[in-house]
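The values are calculated or read from the model by the stated rules, or taken from the named source; none is laboratory data. These numbers come from a predicted model, not from an experiment. Positions of Cβ are generated from backbone atoms using ideal geometry, with glycine treated the same way; all protein chains shown enter the neighbour counts. These accessible areas exclude ligands, DNA and RNA; they are computed on the full protein's heavy atoms, side chains included. Shrake-Rupley method; radii C 1.70, N 1.55, O 1.52, S 1.80 Å.
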Amino acid sequence: MVGIRDFGSLLGPKNGSSNDNEYLKNTIVMARNGVRNTSPSRQKVIKTKPRGFDEETVATFSKIIHPDVQMEDSIWGLLPEDLLNEVLARVPPFLLFRLRSVCKRWNSVLYDSSFLKFHSQVPSHGPCLLTFWKNAQTHQCSVFSLPLKTWYKIPFRFLPDWAFWLVGSSGGLVCFSGFDGLSFKTLVCNPLTQAWRVLPSMHYNQQRQLVMVVNRTDRSFKVIAASDIYGDKTLPTEVYDSKLDRWSLHQIMPAVNLCSSKMAFCDSRLYLETLSPLGLMMYKVDTGQWEHIPAKFPRSLLDGYLVAGAQKRLFLVGRIGLYSTLQSMRIWELDHAKTVWVEISRMPPKYFRALLRLSAERFECFGQDNLICFTSWNQGKGLLYDVDRKVWSWIAGCALQLCNSQVCFYEPRFDTSVN
Amino acid sequence: MASEAVAVKIQEGVAVDAVVPAASETSAQRKILLKSVEGEEFLVDELFARGSKMISNMIDDGFTEGAIPLPNVTAPVLSKVVEYWKHHVGKSETDKDAREFDRAFVKDASSSVLFDIIMAANYLDCKPLLDLACQAVADAIRDMNVEQVRGFFGITNDFTPEEEAAVLEENREWSNALTVTGNGQKESNEGGNIVLP
């Protein structure tokens with residue numbers, strides 16, 4: 001029985017340059033029951049005659065094929081549609097776009113409900129970083145796929161001019177905010193499907209700290225507007241629920257001296273860091289109530305980023321030590337039961353020195369699924385800490401795009417709707 | 001029934017008598033007889049056979065007499081599926097041996113065998129095996145250019161030249177991947193590797 005021993009040979013040269021002669025020679029296919037058709041005179045028409053190939057090249061194909069073996073229809077053409085969708089659901093999302101030019105049916109596969117069902121069931125593609133850069137004239141959005149170590153430019157032409165701040169991303173949706181004239185507005189979009197929607201206005205037209213959270217089980221999302229940028233302490237917390245398509249008013253955050261912009265959403269609770277004194281406030285979405293968490297913050301903490309992890313874990317990231325030579329970057333985890341911050345890791349000095357050449361250098365810190373990312377504002381470097389595996393690593397191939405950009409983790413999904 | 005000469009495929013390591021009852025009710029480890037489309041019979045531990053939801057349901061529905069016929073599965077493929085069950089059923093998801101087995105399983109599979117395994121895993125309702133096989137094909141096609149994919153699936157290009165140009169134009173925005181090489185130089189990997197006339 002003639003078969004293909006090495007499946008890999010189907011691909012031909014790895015660099016993707018079309019070497020179709022090589023490829024077709026290796027594609028020796030058999031009929032479904034494994035029996036060769038040995039009738040010598042039958043010259044089967046190759047169904048996939050490539051477009052634009054002239055007759056001479058086609059004739060060359062037939063010469064290369066071993067005379068004993070006939071070119072049968074590819075068995076993979078017999079794959080039922082739902083199984084084809086299972087296969088396509090496992091191709092990385094960014095690479096699927098390329099395959100849309102295969103034929104008309106594949107062009108619409110991204111909207112096919114069977115494909116979307118399988119796509120929603122396969123494990124996530126892996127962590128990606130979304131960067132948003134904007135100036136007065138233009139904006140640019142790029143996504144770096146950590147598994148593929150490649151940048152992809154996402155067409156964001158639909159983004160209105162007023163969209164200025166990248167609020168964040170959750171479950172495949174990305175949220176922006178900005179001032180459209182005098183109105184503070186929010187916009188939600190799915191970059192992969194290019195669907196987008198401006199959310200209805202909040203009750204109070206003021207610039208707020210926002211957080212967006214997707215709930216994939218009930219196919220909805222919420223946007224929480226917590227503190228006012230300028231410290232207006234009379235504003236009630238507002239929550240947008242996509243199921244109701246409106247904002248609702250909730251408890252005013254209890255008086256605190258000053259709010260930082262550091263927030264993290266974890267286990268249906270919004271954690272917010274307050275300054276002066278340094279403290280932790282928690283907002284429970286189900287009850288709409290604020291609560292003070294009396295966890296003592298580390299002394300002489302600088303920066304103090306709140307990062308949500310997987311499975312209800314909450315991290316605090318910041319520098320300790322005022323003097324540059326003695327500074328260290330540390331990570332704490334909140335022990336919910338004991339209401340205490342427990343140090344779980346310190347950034348090794350070599351990474352710290354490389355990330356922040358000067359002690360006052362600006363950096364961003366954010367996280368998702370127990371991955372904490374540090375980006376250096378000026379250097380365009382990305383450092384990753386895997387909390388579960390306790391591993392520090394530079395994000396390879398990430399340079400430059402990070403400079404002067406707003407960054408967040410992003411999970412590419414076709415199946416999350418903006419409605 | 002028990003005295004009939006039955007062509008039994010003896011699984012390695014399973015000691016059986018020459019004439020074997022179809023499904024042993026009394027022994028601690030029950031065995032199930034599976035029959036491929038050619039009539040070849042496989043004696044498999046019930047534990048492993050339950051790797052297939054379809055077979056598992058049949059056992060629960062009281063199918064204990066004789067062999068379970070699997071008219072959609074050939075003997076070589078059934079043999080591979082049983083191998084898969086033996087390495088996976090009852091093991092944790094992160095089991096190293098299982099992972100090693102998967103790697104070799106996919107690497108050594110010929111194209112037609114992989115196809116048959118996908119069809120069999122779907123028919124037998126064995127999700128993990130279907131995942132593994134579909135992922136293997138997905139990994140293969142993601143590196144192919146559009147012409148290679150068409151050839152692989154036997155698909156005819158049914159776009160008009162204008163339609164195709166429009167789709168390619170859309171793709172260009174998405175496919176405009178910038179990769180950074182080792183020395184930090186950026187290079188643009190443009191387009192979808194389409195072979196144009």
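Of the residues A:ASP303, A:ASP228, A:ASP245, which is farther than 22 Å from A:CYS373 by Cα, open to solvent by 20 Å² or more (accessible area, probe 1.4 Å) and among the acidic types (Asp, Glu)?
Working: A:ASP303 fails: farther than 22 Å from A:CYS373 by Cα; A:ASP228 fails: open to solvent by 20 Å² or more (accessible area, probe 1.4 Å).
Just one listed residue meets the conditions, A:ASP245.
Quick check on the stretch B:88-105. Is at least one of its residues within 12 Å of chain A (Cβ to nearest Cβ), in contact with a helix residue (DSSP H, G or I) (Cβ under 8 Å, 6 or more places away or on another chain) and free of Cβ contacts under 8 Å to residues at least 40 places away in the same chain?
Yes.
Among (1) out of contact with any Asp or Glu (no Cβ under 9 Å at 6 or more places or on another chain); (2) not in a loop (DSSP other than H, G, I, E, B), which single condition is A:LYS296 missing?
For A:LYS296, the failing item is (2).
Here is a yes/no grid of residues against (1) closer than 27 Å to A:LEU96 by Cβ; (2) assigned to a strand (DSSP E or B):
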| position | (1), (2) |
| --- | --- |
| A:HIS125 | yes, no |
| A:LEU130 | yes, yes |
| A:GLN137 | no, no |
| A:PHE144 | yes, yes |
| A:TRP151 | yes, yes |
| A:PHE179 | no, yes |
| A:VAL188 | yes, yes |
| A:THR193 | yes, no |
| A:LEU210 | no, yes |
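Can you tell me which residue is surrounded by the most Cβ atoms within 10 Å (Cβ to Cβ) among those in the stretch A:288-300 that are among the small types (Gly, Ala, Ser) and in contact (Cβ under 8 Å) with a residue 24 or more places away in the chain?
A:ALA295
Name, by its number, the condition in (1) assigned to a strand (DSSP E or B); (2) within 14 Å of chain A (Cβ to nearest Cβ) that does not hold for B:GLU147.
If we test B:GLU147 against (1) assigned to a strand (DSSP E or B); (2) within 14 Å of chain A (Cβ to nearest Cβ), just (1) comes out false.
Out of curiosity, is B:ASP125 touching a helix residue (DSSP H, G or I) at 6+ places or on another chain (Cβ under 7 Å) and open to solvent by less than 50 Å² (accessible area, probe 1.4 Å)?
When the stated conditions are applied, B:ASP125 does not pass them.
Could you grab me the full set of residues in the stretch B:62-87 that are outside any helix (DSSP H, G or I) and either within 14 Å of chain A (Cβ to nearest Cβ) or buried (at least 18 other Cβ atoms within 10 Å of the Cβ) (or both)? Before the answer, list the steps.
Initially, the stretch B:62-87 is screened for residues outside any helix (DSSP H, G or I), giving B:62-74.
Across the stretch B:62-87, the qualifying residues are B:ALA67, B:ILE68, B:LEU70, B:PRO71, B:ASN72, B:VAL73, B:THR74.
Tell me which residues, restricted to the stretch B:88-111, are open to solvent by less than 30 Å² (accessible area, probe 1.4 Å) and either touching a strand residue (DSSP E or B) at 6+ places or on another chain (Cβ under 7 Å) or small (Gly, Ala, Ser) (or both).
B:ALA98, B:ALA109, B:SER110, B:SER111
Just to be sure I understand the filter: pairs with C-beta atoms under 7 Å, separated by 6 or more residues or on different chains, first member in the stretch B:107-126 and facing chain A (nearest Cβ under 7 Å), second member open to solvent by 30 Å² or more (accessible area, probe 1.4 Å). Which pairs pass?
Listed pairs, sorted by first residue: B:SER110/A:GLY3; B:SER110/A:ARG5; B:SER112/A:GLY3.
Would you pick out the residues in the stretch A:78-125 that are closer than 16 Å to B:ARG150 by Cα, in contact (Cβ under 8 Å) with a residue 12 or more places away in the chain and surrounded by fewer than 15 Cβ atoms within 10 Å (Cβ to Cβ)?
Once the filter is applied, which keeps residues that are closer than 16 Å to B:ARG150 by Cα, in contact (Cβ under 8 Å) with a residue 12 or more places away in the chain and surrounded by fewer than 15 Cβ atoms within 10 Å (Cβ to Cβ), the stretch A:78-125 yields A:LEU78, A:GLU81.
Please tell me if B:ALA166 is open to solvent by less than 10 Å² (accessible area, probe 1.4 Å) and within 11 Å of another protein chain (Cβ to nearest Cβ).
Here the answer is no, as B:ALA166 does not meet what is asked.
If I filter the stretch A:310-317 for residues that are closer than 30 Å to A:VAL167 by Cβ, surrounded by fewer than 17 Cβ atoms within 10 Å (Cβ to Cβ) and in contact (Cβ under 8 Å) with a residue 60 or more places away in the chain, do I get at least one hit?
yes
Please find, among A:MET202, A:MET281, A:MET263, the residue that is buried (at least 20 other Cβ atoms within 10 Å of the Cβ), in a loop (DSSP other than H, G, I, E, B) and of a type in the set (A, V, I, L, M, F, W, C).
A:MET202
Output yes when any residue across the stretch A:361-372 is of a type in the set (A, V, I, L, M, F, W, C) and in contact with a helix residue (DSSP H, G or I) (Cβ under 8 Å, 6 or more places away or on another chain), and no when none is.
So far as the stretch A:361-372 goes, yes, one or more of its residues are of a type in the set (A, V, I, L, M, F, W, C) and in contact with a helix residue (DSSP H, G or I) (Cβ under 8 Å, 6 or more places away or on another chain).
In the stretch A:305-322, is there at least one residue being more than 23 Å from A:SER393 (Cβ to Cβ) and over 28 Å from the mean Cα position of the chain (by Cα)?
Yes, the conditions are met somewhere in the stretch A:305-322.
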